[in-house]
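Participant: First, the structure itself, so that you have it in front of you.
We did not get these values from a lab; they are worked out from the coordinates using the rules stated. On a predicted model such as this, the values are computed, not experimentally measured, just so you know. Every residue, glycine among them, receives a Cβ derived from its backbone with ideal geometry; neighbour counts consider all protein chains shown.
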Amino acid sequence: MISIAPSILSSDFSKLGEEISILDKSKAEYIHIDVMDGSFVPNITFGAPVVKAIRKYTDKTFDVHLMIDNPGNFIDDFINAGADLITVHYEADRHIDRTIGYIKSKGVKAGIVLNPGTPVSVLKNIIKKLDMVLIMSVNPGFGGQSFIDYSIDKIKEVKELKDKFNPNLLIEIDGGINKENIKEVYEAGVDIAVAGSAVYNGDILKNIEELIERTK
Ligand code: DX5
Ligand code: ZN
């Protein structure tokens with residue numbers, strides 16, 4: 001079955017605690033937390049203090065997506081704030097192997113994110129070390145963008161690497177996921193679908209249930 005990771009980027013930041021409490025009652029297994037620095041991506045969101053503040057509202061898995069330059073400098077902050085899983089962009093870190101090793105050494109799950117234009121082949125050697133690969137199906141920075149079609153090919157390529165080298169790997173997709181395309185990404189090999197606008201436009205709990213339902 002597919003897991004849903006609602007992206008709190010689309011939630012109402014003025015009542016973030018309440019919004020997390022709603023997700024706590026939902027069928028979503030993960031909470032996707034988009035951290036942006038205004039440098040790696042053209043937008044700024046929030047940092048570790050906000051992650052720490054919302055930690056008390058749920059025990060669901062905090063899936064922290066770092067869209068920041070030199071993520072290696074901030075890993076301790078996000079672990080101390082309560083991250084369960086941290087993904088770092090391949091494009092943002094010149095020492096990605098070191099950063100992944102560091103996250104894992106702290107007992108936290110680690111993954112690499114690929115921008116749409118970054119080929120899956122860069123993962124060939126490091127794949128065995130990863131808990132997750134996150135494929136961006138939009139250019140990161142904003143919610144509500146359209147799914148880039150060739151992402152389906154990239155999911156299938158990661159699935160091949162998973163089957164060959166790391167059967168426990170989690171494959172996550174992020175960007176433009178909706179009720180119409182979730183089945184296709186699931187069938188291509190996705191384990192976890194991030195959804196922002198598709199969760200927050202309308203009834204949150206119903207939307208999450210429907211997204212799961214559409215993959216059956
Ligand atoms: C984009 C973020 C996504 C975004 C997804 O940079 O990483 O998590 O919130 O939003 P939707 O589902 O609306 O494309
Ligand atoms: Zn994200």
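Participant: Once phi is turned into ³J(HN,Hα) by the Karplus curve 6.51 cos²θ - 1.76 cosθ + 1.60 with θ = phi - 60°, what whole-Hz value does each residue of region 86-101 show in order, with x for glycine and proline?
Facilitator: Values, residue by residue: 10, 10, 10, 6, 3, 6, 9, 9, 6, 10, 5, 5, 5, 5, 4, x Hz.
Participant: Using the structure shown, list the pairs from Lys27/Lys52; Lys109/Lys129; Lys15/Lys52 with a Cα-Cα distance above 20 Å, or answer none.
Facilitator: Working: Lys27/Lys52 23 Å; Lys109/Lys129 10 Å; Lys15/Lys52 15 Å.
Correct reply: Lys27/Lys52.
Participant: Between Lys179 and Ser105, take the C-beta separation as r, use R0 = 41 Å, and let me know the FRET efficiency to the nearest 0.05. The partial results should precede the final answer.
Facilitator: On the way: r = 40 Å, r/R0 = 0.96.
The value I calculate is 0.55.
Participant: Now a separate question. Which of the trypsin sites (Lys or Arg not before Pro) found in region 137-198 are in a DSSP loop and have at most 16 neighbouring Cβ atoms, other than their own, within 10 Å?
Facilitator: Numbers: sites: Lys154, Lys156, Lys159, Lys162, Lys164, Lys179, Lys183; in loops: Lys179.
Loop-located and lightly packed - Lys179.
Participant: Here's a follow-up. Given Cβ point charges of +1 (Lys, Arg) and -1 (Asp, Glu) and nothing else, what value in debye, to the nearest 20, does the dipole of the chain about its Cα centre take? Mind dumping the intermediate values first?
Facilitator: On the way: 25 positive and 32 negative charges, 113 e Å.
Using Cβ point charges on Lys, Arg, Asp and Glu, the chain gives about 540 debye.
Participant: Please figure out what share of the DSSP beta bridges in the chain is antiparallel and state it in percent, rounded to the nearest 5. Spell out each step's value before the answer.
Facilitator: Numbers: 1 of 33 bridges.
DSSP beta bridges in the chain are roughly 5 percent antiparallel.
Participant: Convert 20 °C to kelvin, take the viscosity as 1.002 mPa s, use the Kirkwood radius over C-alpha pairs of the chain as Rh, and evaluate the Stokes-Einstein diffusion coefficient in µm²/s, rounded to a whole number. Mind showing how you got there, number by number?
Facilitator: Details: Rh = 17.0 Å.
Taking Rh from Cα pairs, D becomes 126 µm²/s.
Participant: Here's a follow-up. Let's see if you can work this out: charge +1 on each Lys and Arg Cβ, -1 on each Asp and Glu Cβ, no other charges. What is the dipole magnitude of region 149-191 about its Cα centre, in debye to the nearest 20? Walk me through the intermediate numbers first.
Facilitator: Working: 7 positive and 11 negative charges, 26 e Å.
Taking the Cα centre of region 149-191 as origin, the dipole is about 120 debye.
Participant: Dividing the alpha-carbon Rg of region 136-216 by 2.2 N^0.38 Å yields what? Don't jump to the answer; show the numbers that get you there.
Facilitator: On the way: Rg = 12.8 Å, N = 81, 2.2 N^0.38 = 11.7 Å.
Rg over 2.2 N^0.38 Å, computed on Cα atoms: 1.10.
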